[in-house]
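Student: Here's a structure for you.
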Amino acid sequence: MRAVPGFPAVVTALSLLLAAPPPTPARPIEVVAEVPVLMYHVVGDPPPGAAWPHLFVPARELEDQVAWLEEHGFRAVTLSQVWRNWQGLDALPARPVVLTFDDGDASQAQRALPILARHGWPAVLNLKVGNLGRGGITELQVRKLLDAGWELGAHTITHPDLTTLGADALRREVAGSRAEIARRFGVEPLFFCYPAGRYDARVARAVRAAGFRGATTTDIGLARRSELFTLRRIRVDRGAGARGLSELLARTGAWPGSAPRARGSGTRA
């Protein structure tokens, strides 16, 4: 019988393959049921006569809050990362937290960005398109946020009460803001933020129809997969500091030793 070239090597390789232990099955991704989403606005001190002075959080307070979060095991993620976890696609840190900054104030790039960058943390900018370059954040500053791993969310063009708008105006503010952000920055926002937390079933349908994966509100609590278009947040006001933030997280059930979980509504976003 003729010898088969390479036959012993094939037999050896086959024997080794058969003797090898079966591959370890992939560990299933743990889906996180609830995630705290923090709501910030301006980072700095309010000018005299500011209409919403409580929305101005000093940079030092933000720094202390981020340091406290990191010290206690929290790690910042984006809303898209949370969504991917809820779809069973990607894992999240053991204690995830999302930091959102509403409207598009220059202080979010000038002060919030350096603070978060020192920790290697991303955040979400909910951009009101009308704030671009008009005393608000600039396009260059937005690009710097994107380069640092921030996510862009749409926060309409003019920040109206969406529940009062007709169909055309509603579509312009919701779908139009998404299209304009995509045109300017080359990224399509996947999440929407309701101005002043004002929404109803019709507005939520318009957000879904515009192609968003979810939307954030000013309703107080933790974000849940079952409420993708009414995601709750925790508003952080001036004077809260690290201690106040820990108490807010405790009241919503995001921190051990918590009080009963809060349910309710906030005000402006």
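The values are calculated or read from the model by the stated rules, or taken from the named source; none is laboratory data. Just so it is clear, the model here is predicted, and its values are computed rather than measured. Cβ atoms come from the backbone with ideal geometry, glycine included; neighbour counts cover every protein chain shown.
Student: Does region 205-258 hold any residues that are touching a Gly at 6+ places or on another chain (Cβ under 7 Å), within 13 Å of V98 (Cα to Cα) and assigned to a loop (DSSP other than H, G, I, E, B), and which are they?
Tutor: Correct list: L222 only.
Student: Touching a strand residue (DSSP E or B) at 6+ places or on another chain (Cβ under 9 Å) and among the basic types (K, R), is that true of R118?
Tutor: Details: touching a strand residue (DSSP E or B) at 6+ places or on another chain (Cβ under 9 Å): no; among the basic types (K, R): yes.
No; evaluated as a whole, the condition is false for this residue.
Student: Further question on the same structure: Name the helices (runs of 4 or more DSSP H) wholly inside region 1-115 in which the number of residues that are more than 30 Å from P195 (Cβ to Cβ) and either acidic (D, E) or at pLDDT below 95 (or both) is 1 or more.
Tutor: Filter on region 1-115 gives 7-19, 59-71.
Student: Mind telling me which of the residues E188, E180, E173, E151 ends up being surrounded by fewer than 15 Cβ atoms within 10 Å (Cβ to Cβ) and acidic (D, E)?
Tutor: On the way: E180 fails: surrounded by fewer than 15 Cβ atoms within 10 Å (Cβ to Cβ); E173 fails: surrounded by fewer than 15 Cβ atoms within 10 Å (Cβ to Cβ); E151 fails: surrounded by fewer than 15 Cβ atoms within 10 Å (Cβ to Cβ).
The match here is E188.
Student: How many of the residues in region 123-142 are part of a helix (DSSP H, G or I) and either on the phi > 0 side of the Ramachandran plot or more than 17 Å from the chain's Cα centre (by Cα) (or both)? Write out each step before concluding.
Tutor: We begin by selecting, within region 123-142, every residue part of a helix (DSSP H, G or I); these are 129-131, 139-142.
Those still in the list that are either on the phi > 0 side of the Ramachandran plot or more than 17 Å from the chain's Cα centre (by Cα) (or both) too: 129-131, 139-141.
Residues that pass the stated criteria total 6.
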